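The values are calculated or read from the model by the stated rules, or taken from the named source; none is laboratory data. In this text the structure is predicted, and so the values were computed from the model without any measurement. Backbone-built Cβ (ideal geometry, glycine too); neighbour counts: all protein chains shown. SASA here: full protein model, heavy atoms, side chains in, ligands and nucleic acids out. Shrake-Rupley method; radii C 1.70, N 1.55, O 1.52, S 1.80 Å.
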Amino acid sequence: MKSLKSLLIAALALVSTSAMAQSAEPEYQFKKHAFITLQGGAQYTLGEAKFKDLLSPNAQLSLGYQFSPVFAARIQANGWQSKGGWANYRDAKLGTPFNKDYKFNYVAPGLDLMFNLSNLFCGYNPKRFFNLTLFLGGGANIAFKNDEANDIAKQLYSLDAYNLQNIWDGTKVRPFGRGGLEFAFRLSDAVKLVLEGNANILNDKYNSKWGDNPDWYFNALAGLRINLGKAYTKVEPFIEPVEEPVQQNTYVAPVQPKPEPPKPPVKIEPLRRDVFFTINSTKIVETEEAKVREIVDYLNKYPKAKVSVTGYADAGTGNDQINDRLAAGRADAVANMLTQKYNIPADRIMKDSKGSRVQPFAENDLNRVSICIAE
């Protein structure tokens, strides 16, 4: 019990240290996703023999789903081998007592509910190197091949010695409960190294020996978890574009005697507005719609003016087929808002799209844009 308490204190301390080093970043948005985990390790079955004599190989395969940054569920199948032990066993009536162990096989499918303590107490951060998860669950333990224990039982019966009161043969199915901790270390966005320790409780008949108390086995496992799909999206921060300065055209009339020369016509300065979009989106957010309204005001002020709308996509993500569709969709989004929401005639709007083949800005993310020039 003391060792378990010390393990929990050390794990929570590691969580706190990780949180201080890597605080949650608001630009990451969680996405629901599935994951698969494959692990191998060792099992210790609680019994009368020495610790090393009750160690067995163990493996676990699980398929899970992360519903939120904190909560997940998984179906898992754990199994391979368990052992039983007998202290002061005699293979003859007057034989020297010794510790006897025997092995049998099992597979234990079940369901676990998982709670990410790092995200719960320290905030969501998909870039965090270490995460601590608590899980609780249960299922059905299917045990079989108990031949060694049955051979011992037959021998003891012939010696008229102590009997294995809970001996079983064939295949036995028993419910079990489990709990444990998972230590996950991020290797990439898709892959984590996971270390797991779990404790499993069954009825007293699991290891064939009568003890008037539940039987236990403990698993220590290591393996890899692979996310099946993206676990998060990065929300691009809004960057206020720098507007190009409008050049003022001044006219200096020559000093002449009467009559004064006619004044030149007032030149209408063109208006440029860059409407930015988030990654993989053609939706105009509220902050960018204000720029569309400025274009509407300009067109209403100058009835003969027209506007050209050219859509772009960034070259850093996607491919030409995807980026051509995004660029055209961004141009359509601005044109449709002008006509449908603000009643600008369609013949005053010229649309075009360049995909990601033309990059008007040096910074990659700024090329998710529709450039609008009214004149």
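Things worth noting here:
- Counting residues in region 275-286 that are assigned to a loop (DSSP other than H, G, I, E, B), under 23 Å from Lys234 (Cβ atoms) and open to solvent by less than 20 Å² (accessible area, probe 1.4 Å) gives one or more.
- Reported count of residues in region 123-163, each being part of a loop (DSSP other than H, G, I, E, B), modelled with pLDDT of 85 or more and open to solvent by 10 Å² or more (accessible area, probe 1.4 Å), is 6.
- Selection status of Lys93, at pLDDT 65 or above, open to solvent by 70 Å² or more (accessible area, probe 1.4 Å) and of a type outside the set (Phe, Trp, Tyr): no
- From the options Lys301, Lys306, Lys354, residue that is surrounded by fewer than 13 Cβ atoms within 10 Å (Cβ to Cβ), on the phi < 0 side of the Ramachandran plot and basic (Lys, Arg): Lys301
Here's the yes/no breakdown for (1) at pLDDT 85 or above; (2) under 26 Å from Asn78 (Cβ atoms); (3) among the polar types (S, T, N, Q):
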position: Ala199; (1), (2), (3): yes, yes, no
position: Asp204; (1), (2), (3): yes, yes, no
position: Trp216; (1), (2), (3): yes, yes, no
position: Asn219; (1), (2), (3): yes, yes, yes
position: Asn227; (1), (2), (3): yes, yes, yes
position: Phe238; (1), (2), (3): no, no, no
position: Glu244; (1), (2), (3): no, no, no
position: Gln248; (1), (2), (3): no, no, yes
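- When residues of region 312-363 are limited to those that are among the hydrophobic types (A, V, I, L, M, F, W, C) and assigned to a loop (DSSP other than H, G, I, E, B), the one farthest from Ser281 (Cα to Cα): Ile344
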